[in-house]
Amino acid sequence: MGRIATSIVAATLAITSVASYGTSAMAGEVLERVLAAKTLKIAVGTDWGPISSLNEKHELVGFDVDVAKAIARFLGVKAEFVTPGWDVIAAGNWGNRWDLSMGQATPTKERAEKFNFTTNYFFERQVVVVHNTSKYSTPSDINGKTVGVGSGTLAEQYANHTLTPNWLGAEPFDYKFKAGDVKVYTSTNVAFDDLRLGDGIRLNAVITDSTIAQTAIKAGYPFKTIGALLSAPGAIMTMKGDQEFTDKISAAIKSMQNDGTLSELSKQWYGSDHSAE
């Protein structure tokens, strides 16, 4: 009787051990794949201004590119970049084509249904950009106007009044305008191309990150900003299913925050520190 009971207990423990091992293996599948291949596949944009873009040598450069390379070094692997559109990234269903996405995504509740988020690594304001020949001076001036936004962005949710500020530290806010028409573009730069044609020709305004707006203005685009809408954090996105991998990326970010690397990279690419709120 005692030996039978002991055997049952031993068998139960063995089954539990196998089950636990299987769950653990599945939980770390992405991290294991990255470490085994010694390669971290990172999705970035080619026209995201100081976030990530192609230089005159057709090389990917930018704040997010440098951050991603630092994360790869933290993991002891090489960085490999892929360049899908943001709309493709935000749709999910990556199919292992890349392991994580840069892009300073705001960790909203809606996105959290599809993605895991690392600790925040960037803090940004959303602003209203208009043609510099327009008479608009405040966000309320674009009530009823045609507004351009990038697909799958915080700006798109704001313009459509569907944004729920449910990230850590979020504060309540009031919408400062009601668009007459919201035009969605594959990227903010495509929206800028329409806005630069003149006020009201295709667009009256574009909603985007302040850093993207300032980069365009410095590059000679005939724009001005007429007010900030809200401030939000940015995080790196990973697909659900491997929290261990997400935590490892967060550890890399925290290491860069602690040793000042993130702050220095922000100052290098933006002229100011966006690494803390």
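Ile71 meets all of the listed conditions (1) closer than 26 Å to Phe192 by Cα; (2) assigned to a helix (DSSP H, G or I) but one, namely (1).
Scanning region 156-192 for residues that are surrounded by fewer than 19 Cβ atoms within 10 Å (Cβ to Cβ) and among the small types (Gly, Ala, Ser) yields a count of 3. When each of Asn120, Asn96 is tested for being touching a helix residue (DSSP H, G or I) at 6+ places or on another chain (Cβ under 9 Å), of a type outside the set (D, E, K, R), under 19 Å from Leu230 (Cα atoms) and touching a residue at least 40 places away in the same chain (Cβ under 8 Å), the lone residue that passes is Asn120. If you filter region 99-117 down to residues that are in contact (Cβ under 8 Å) with a residue 40 or more places away in the chain and assigned to a helix (DSSP H, G or I), you find that the one that is least open to solvent (accessible area, probe 1.4 Å) is Arg111. Residues of region 74-89 that are assigned to a helix (DSSP H, G or I) and more than 15 Å from the chain's Cα centre (by Cα): Phe74, Leu75. Look at region 255-277: where a residue is touching a residue at least 12 places away in the same chain (Cβ under 8 Å), no partner that is among the basic types (Lys, Arg) sits 6+ places away or on another chain with Cβ atoms under 7 Å. Is there a residue in region 163-178 that is in contact with an Asp or Glu (Cβ under 8 Å, 6 or more places away or on another chain), on the phi < 0 side of the Ramachandran plot, basic (Lys, Arg) and at pLDDT 95 or above? No - not one qualifying residue is present in region 163-178.
Is there any pair with a first residue in region 213-238 that is without any contact (Cβ under 8 Å) to a residue 40 or more places away in the chain and a second that is part of a strand (DSSP E or B) and buried (at least 19 other Cβ atoms within 10 Å of the Cβ) whose Cβ atoms are under 6 Å apart and which are 6 or more apart or on different chains, and what are they? Note: pairs meeting the criteria are Ile217/Phe223.
Please verify whether Gly49 is modelled with pLDDT under 90 and of a type outside the set (S, T, N, Q), treating the condition exactly as stated. Taking the combined requirement at face value, the residue satisfies it. The set of residues from region 123-176 being more than 29 Å from Met102 (Cα to Cα), touching a residue at least 24 places away in the same chain (Cβ under 8 Å) and part of a loop (DSSP other than H, G, I, E, B) comprises Asn132, Thr133, Ser134, Tyr136, Ser137, Thr138, Asn143, Gly144, Lys145. Considering only region 209-222, I want to know if a residue exists there that is more than 24 Å from Thr46 (Cα to Cα) and either part of a strand (DSSP E or B) or touching a Lys or Arg at 6+ places or on another chain (Cβ under 8 Å) (or both). Within region 209-222, not a single residue is more than 24 Å from Thr46 (Cα to Cα) and either part of a strand (DSSP E or B) or touching a Lys or Arg at 6+ places or on another chain (Cβ under 8 Å) (or both). If I filter region 223-260 down to residues being open to solvent by less than 30 Å² (accessible area, probe 1.4 Å) and in a helix (DSSP H, G or I), which single residue comes out as farthest from His274 (Cα to Cα)? The qualifying residue farthest from His274 (Cα to Cα) is Phe245. Residues in region 54-73 that are under 22 Å from Thr186 (Cβ atoms), among the aliphatic types (A, V, I, L, M) and under 16 Å from the mean Cα position of the chain (by Cα): Val65, Ala68.
The values are calculated or read from the model by the stated rules, or taken from the named source; none is laboratory data. Small disclaimer: the values here were computed from a predicted structure and weren't measured. A quick note on method: Cβ atoms are made from the backbone with ideal geometry, for glycine too, and the neighbour counts reach across all protein chains shown. Note: areas computed on protein heavy atoms with side chains; ligands, DNA, RNA excluded. Shrake-Rupley method; radii C 1.70, N 1.55, O 1.52, S 1.80 Å.
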